[in-house]
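One structure is given here, and the rest of the page talks about it.
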Amino acid sequence: MSCSSSHCRIEPYPAVAHCAGVTTGLDHVFFTSSATRSFASDEVRQAFRERWLGRYLDRFPDCAFVAFDGDGEVAGYVVGSLDDPARNPLFGDIGYFALLADVTQRFPAQLHVNVREDCRSAGLGATLVARFAALARSHGCPGLHVVTAKTMRNVGFYLRNGFRRERSFPWHGHELLFLAQPLDS
């Protein structure tokens, strides 16, 4: 199997959502990429999935893309929203967005990208981010953002892919970063 961006195919989520194995593959990539590995119960696990993956697939399917490896297995994905999360009540459960309203206004589109571990460092994540950025740009979004912990390995990935550190802030005992990418229309 090859996971380089040139050997993977990327499909809009709505075109493949009904295909066998897609949901299972997305969940596998999501949970194995997450820093959170254990959950107090199945309900807590499902709520975590809903917060960081499910709501995007359900509410913003046109902002989601799925990457498949040469064997047709899910290799990665990008999900997100073009809506400013500080102004959209759907994201009211993520309290730090209220603190970031000034920067989310300038960089309203948010994304979450995950790639299967054996497919990392081959350009697939960068290709997924570029696909999402092109979508946001085509809708006139002035910029996009991610929020991640300052100590996460993904910080370097985002910086290499055109994001910049816009703000650092404490949240529930962690130092978080708001990383932003302006989009030239």
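We did not get these values from a lab; they are worked out from the coordinates using the rules stated. Keep in mind it's a predicted model, so treat the numbers as computed, not measured. FYI the Cβ positions are ideal-geometry reconstructions off the backbone, even for glycines, and counts take in every protein chain you see.
R0 = 22 Å: FRET efficiency of residue 184 with residue 126, Cβ-based, nearest 0.05?
So, using R0 = 22 Å, E works out to roughly 0.80.
So what are the ³J(HN,Hα) numbers for the stretch 160-169, from phi and the Karplus equation (6.51, -1.76, 1.60; θ = phi - 60°), rounded to whole Hz, Gly and Pro as x?
Each residue of the stretch 160-169 in turn: 5, 10, x, 8, 10, 6, 9, 7, 10, 7 Hz.
Rank 17, 72, 103 by how far each Cα sits towards the positive end of the charge dipole of the stretch 1-104 (+1 on Lys, Arg Cβ; -1 on Asp, Glu Cβ) and give me just the farthest.
103
Using a simple charge model, +1 on the beta-carbon of Lys and Arg, -1 on the beta-carbon of Asp and Glu, nothing else, what dipole does the chain show about its Cα centre, in debye to the nearest 20?
Charge dipole of the chain: 540 debye, to the nearest 20.
Among 158, 77, 96, which comes first, second and so on when ranked by fewest other beta-carbon atoms within 10 Å?
96, 158, 77
Give the list, by residue number, of cysteines in the chain with no other Cys Cβ closer than 4.7 Å, or say none.
Cys with no partner Cβ under 4.7 Å: 8, 19, 63, 141.
With a ≥ b ≥ c the root eigenvalues of the C-alpha gyration tensor of the stretch 9-182, is it rounded (a/c under 1.5), prolate (a/b larger than b/c) or oblate?
The shape class here is rounded.
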